[in-house]
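J.: Structure in structure tokens, see below.
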Amino acid sequence: MSRRVVLSVTAGVVVLAGTGAFAVAYAGDQAPSVAHSAARYAAPDGDRGGSLTFTTDVTASSGVKDVKVLAWPANSAFAKKRLTANDMATTESALCKPAGEDTVRCTYTATVSRVEADASPRGLWHVAVLATAEDGGTTLDTKAAGFTVV
């Protein structure tokens, strides 16, 4: 083989290896993704208590560390002052179970008493999600799902 061919092949291998290393590093830095979110609200009825159930799929290449959930009325202060990750710091976590290689299916369930339902604002509500990956990356979706309180 000529020296020129050997140098060309070597240069190609170096470029491909560098591109592959960059792709792996870039994939590792990606924030978690939140998908397939849904909320179901059932108001208390007679002696039966009400509930809010929220589900979502979260994917993170480094693994999912935590998923925080907050339901908030669309006409609240969060509608004017954007909800932040700091606002989500003390909210409750969803229960997550493996649902694929890098994906977990998370479920959050809260009971709703008659007193709570009567005191809640009527109308559209949003469910916010803060997903945190094992590598520290975060994703905040302030309107991952919605439901209506009538």
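Every read-out reported here was derived from the displayed coordinates using simple, explicitly stated rules and does not represent laboratory data. Values in this document were obtained by computation on a predicted structure and should not be read as measured data. With ideal geometry, Cβ positions are generated from the backbone for all residues, glycine too; neighbour counts draw on all protein chains shown.
J.: Compute the Cα gyration tensor for segment 70-115, then decide on rounded, prolate or oblate, letting a ≥ b ≥ c be the square roots of its eigenvalues: rounded whenever a/c is under 1.5, prolate when a/b is larger than b/c in the other cases, and oblate in all that remain.
T.: Details: a/c = 2.76, a/b = 1.49, b/c = 1.85.
It comes out oblate by the Cα gyration axes.
J.: Along the Cα→Cβ direction, 7 angstrom out, place labels at ASN75 and ALA110. What is the inter-label distance in nm?
T.: 1.9 nm
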